[in-house]
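The values are calculated or read from the model by the stated rules, or taken from the named source; none is laboratory data. A quick note: this is a predicted structure, and the numbers were derived from the prediction, not measured. All Cβ positions, even for glycine, are placed from backbone atoms using ideal geometry, and neighbour counts span all protein chains on display. Side chains are part of the model used for accessible areas, which takes the heavy atoms of the whole protein and leaves out ligands, DNA and RNA. Shrake-Rupley method; radii C 1.70, N 1.55, O 1.52, S 1.80 Å.
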Amino acid sequence: MPRDGDQTRKKIVDAATRLFYGEGIRAVSLDAVAAKASLTKKTIYYHFASKDELVAAYLESQDQPTLALYQKWFNNTDGDLSDKVRGIFDGFATAASRPKWRGCGFLRTIAELASTPGHPAVKAGAAHKKRFENWLVEVLNDGAVRNAETVARQIVVLLDGAATVMLIHRESVYVHTAGEAAANAIAAAIRADLG
């Protein structure tokens, strides 16, 4: 067992992440997390006051890596702004086509906890979605897109909708279709500004 408190906390969150993402929040007990982390349940309670706090820590641990992935897909796509935003969807379609993909962890967690809107994990998930939206607003503003806030919201709705439909049908064509709609929304906003 790592002696350093931060390492132990990370070990707990890593084990919880694998279990919560793979099996769902409600299906996983703290006993299961303790076993996966090769720690005692007492050790988990030393670092987290409750399972709710651990679930929030799981989502918080996924925030920056997920945002960085979206930014990577955007930056690695050649072309204009519409192409680059479509690149986010293309990257997501590839990731979501992997056998181990179980859906958007943020959306799945929020759905499981929908009856408890004040839950810390719901707040963590909402904060992540808002950070992604704010990043899109910045990107769209830099690209001189008119009504950047509205277009960013449209893209968020398209991406989250694509994640949901991909989970249902397991066909990436839905994600690519949503990406095309996002690219069209950007092109339409740019044309409106030129017209």
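Brief remarks on what is shown
- Taking every alpha-carbon pair under 8 Å whose residues sit at least 6 apart, the chain reaches a relative contact order of 22 percent.
- Residues listed by number, segment 42-72, amide nitrogen under 20 Å from residue 32 label point at 7 Å toward C-beta: 42-45, 48-62
- Degrees between helix 81-96 axis and first principal axis of the chain (Cα, 0 to 90, nearest 10): 40 degrees
- Across segment 19-32, coupling constants 3J(HN,Hα) worked out from phi with the 6.51/-1.76/1.60 Karplus curve, θ = phi - 60°, read 6, 4, 5, x, 10, x, 5, 5, 6, 9, 8, 5, 4, 5 Hz, and Gly and Pro carry x.
- Relative contact order %, segment 97-195, counting alpha carbon pairs below 8 Å whose residues are six or more apart: 29 percent
- Environment charge at residue 180 (Cβ cut-off 13 Å; Lys +1, Arg +1, Asp -1, Glu -1): -1
- Legend: residue pairs 42/72; 41/123; 36/123, Cα-Cα distance threshold 31 Å; pairs beyond threshold, 42/72.
- Prolate/oblate/rounded call for segment 106-195, Cα gyration tensor, a/c under 1.5 rounded: oblate
- Nearest-10 value in Å² for the accessible area of residue 174, using the 1.4 Å probe: 90 Å²
- The mean accessible area for residues of the chain, using a 1.4 Å probe and ignoring ligands and nucleic acids, is 52 Å² per residue.
- Solvent-accessible area, 1.4 Å probe, carbon plus sulfur percent, for the chain: 53 percent
- The distance between label points at residue 94 and residue 138 comes to 2.4 nm (points 7 Å beyond Cα on the Cα→Cβ vector).
- Of the GluC sites (Glu not before Pro) found in segment 46-128, none is in coil by DSSP with at most 12 other Cβ atoms within 10 Å of its Cβ.
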